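First up is the structure itself, then whatever we jot down about it.
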Amino acid sequence: MTNFQLSRELISASSFLRAHRAVEDSKRELYNRLLGHFPSTVAKALTLKTLNICLAKYHFHARSTIVQSRPFGLLADPSNMCQLACPGCVHSPGPKKQKLFDWPKGTLSEDRFFKMLKLYGPTAIGVHFFNYGEPLLNLNTPKYIRQAKSYLLRTSVSTSLSVRRFDPEAYVESGLDFMHLSIDGATQPVYERFRRKGNLDLVFDNLRKLVETRRKLRRCLPLLSWNFLAFEHNAHEIPQARRLARKIGVNEFRVSTPFGMNWDDPGIRPAAVRPSVQRFDPLFVLKLFLYGNAKPTSVDTEMIEGAFERPWNEDGASDAGPSPGHTCHWLYKNTVMDATGRIMPCCAAPGRDKNLVFGTLEDSGGDPFNTEFYREARSFFSTGTRVSDGSPYCTQCELDHTAAAIGGTEIRQYFRAADRVFFDRHSLSVLSGW
Ligand code: SF4
């Protein structure tokens, strides 16, 4: 059965039991077809990841309250701490003083991260090692990246690079795919207006070491993306920063429009500058697809084979009945865990009047994607029922509900990189177009 046929069958399935049967029936066939293109364990991993996305798509269309698919995108904070204090962030002194956010200190332990990987690694396609903390503060982050790669996950970190202890070799050797660099200025006085407590000399020193290490080790990865948030106070330095980025040797330079943060610091206002991307590396796209995740240096064979042999759970999933109504994509596609193991549905920060802690990895009966808050949030969108004042923030949320961090674009990139012939145009549109 092709992905296209399977997806059609799933969408028209009248109940979860029928959808479940279609997924289980197609498992061996899809695996056998992939076996012609990949080694056995990789074929099994790709089968699981493909079918999980198809099942998630079924649940999304059925507006299921309880799902048996697993989040295909993971966000995990290796550290809840940050050495900077940027306006608008959970680490900014203003919001901290007002206790606007609920953001405890903590460092992600090996046990906790491996537990998350065991649960979701075989069926997920990617992990972002960042949300509100500085990932480089946890010295185990390269180890976590390597572990994630062994589950064939695409990995990325976002960092200020303003850290004293940095091991560029560990990051290059980890197999990390992307590093997003948050550098919003070309001179210290301008840079530190927003990146409070940041040290630009340290940033450039670390960046040069990283580029040099990547060259010395003859690696193309990680791809380095300099992200410049354009504010009124720093927009004049964009050309200078772009020149520096090219000279140092990053792969691309992005100018982005930030959210308004003048509620925290009235002097920090977004500039009227058009977002742009400039790729200095003519092979950027080729590298994106050539170094696919289906060619890892090591694979966690035991975990992937074990997951492949286990059928998807057929108990307990509920359908609200196919509904064209609005829902939030995050609730079916991604999940977020901070360094202390708290599970959140999206990248918004929990805080006063914002019930966004949906459970913990440890205390959710082994199913953090179907906690009571997850069920209540999904059910709210399909039925409009708000249980109480203690309901999850989703019931009053005005954020963008369509842009999960790991969504259609990342699905297309992932499977194209795996094999652009096997995952043809039709398959990619079936897997990503929802
Ligand atoms: S409804 Fe809002 S708060 Fe809830 S998961 Fe979606 S974006 Fe996040």
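Just so you know, all these numbers are worked out from the coordinates, no wet-lab data involved. Fair warning: this is a prediction, and the values are worked out from it, not measured in the lab. Methodologically, a virtual Cβ is constructed for each residue, glycine included, from the backbone with ideal geometry; neighbour enumeration extends over all protein chains shown.
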Which distance in Å, rounded to a whole number, links the C-alpha centroids of region 325-372 and region 104-155? 16 Å
Fully extended, how many nm does the chain gain between S298 and R310 (0.36 nm per residue separation, minus their Cα-Cα distance)? 2.1 nm
Among N199, P87, V250, the residue whose Cα sits farthest towards the positive end of the charge dipole of the chain (+1 at Cβ of Lys and Arg, -1 at Cβ of Asp and Glu, taken about the Cα centre) is V250
K247: which lysines have alpha carbons under 22 Å from its alpha carbon, excluding same-chain residues fewer than 8 sequence positions away? K209, K216, K287
Give the order of E134, E252 when sorted by the count of other beta carbons within 10 angstrom, beginning with the fewest. E252, E134
Gyration tensor on Cα atoms of region 183-258, a ≥ b ≥ c root eigenvalues, a/c under 1.5 rounded, else prolate if a/b beats b/c, else oblate, says prolate
Check F231: other-chain or 5+ apart residues with amide H under 5 Å from its amide H, H built from backbone geometry? A271
Difference of contour (0.36 nm per residue) and Cα-Cα distance, L217 to A348: 43.4 nm
Give me the lysines in straight-line cross-link reach of K97: C-alpha distance below 27 Å, same-chain residues under 8 apart excluded. K105, K197, K354
Give, rounded to the nearest 20 debye, the magnitude of the charge dipole that region 127-272 has about its Cα centre when Lys and Arg contribute +1 at Cβ and Asp and Glu contribute -1 at Cβ. 580 debye
Which residue fluctuates the most in the chain, going by a Gaussian network model with Cα springs under 10 Å, if the choices are Q68, Q83, Q188? Q188
Cross-link reach from K27 to lysines, straight Cα distance under 30 Å and at least 8 residues apart if same chain, gives K44, K49, K57, K115, K118, K149, K295, K333
For F101, distant residues with modelled amide H under 5 Å away: R352
Counting only C-alpha contacts under 8 Å and six or more residues apart, can you give the relative contact order of region 73-290 as a whole percent? 18 percent
Taking F369, F358, F60 and counting other beta carbon atoms within 10 angstrom, the fewest-first order is F60, F369, F358
Quick check: Cα centre of region 199-254 to Cα centre of region 67-102, how many Å? 24 Å
Give, rounded to the nearest 20 debye, the magnitude of the charge dipole that region 14-102 has about its Cα centre when Lys and Arg contribute +1 at Cβ and Asp and Glu contribute -1 at Cβ. 120 debye
Most exposed to least, judged by fewest other Cβ atoms within 10 Å, R352, R195 sort to R352, R195
Cα centre as origin, Lys/Arg/Asp/Glu Cβ charges: the chain dipole, Debye: 1280 debye
Classify region 73-290 from the C-alpha gyration tensor, please: rounded if a/c falls under 1.5, else prolate or oblate depending on whether a/b exceeds b/c. oblate
Could you work out, for the chain, what percent of all Cα-Cα pairs fall into each 10 Å distance bin, beginning at 0 Å and stopping at the bin that holds the largest distance? 4, 21, 31, 27, 14, 3, 0
One-quarter of the Cα convex hull surface for region 18-77, in nm²? 5.2 nm²
Which value in deg cm²/dmol, rounded to the nearest 500, describes the helix-derived mean residue ellipticity at 222 nm for the chain, given -39,500 (n - 2.57) per DSSP H run of n ≥ 4 and division by the residue count? -12000 deg cm²/dmol
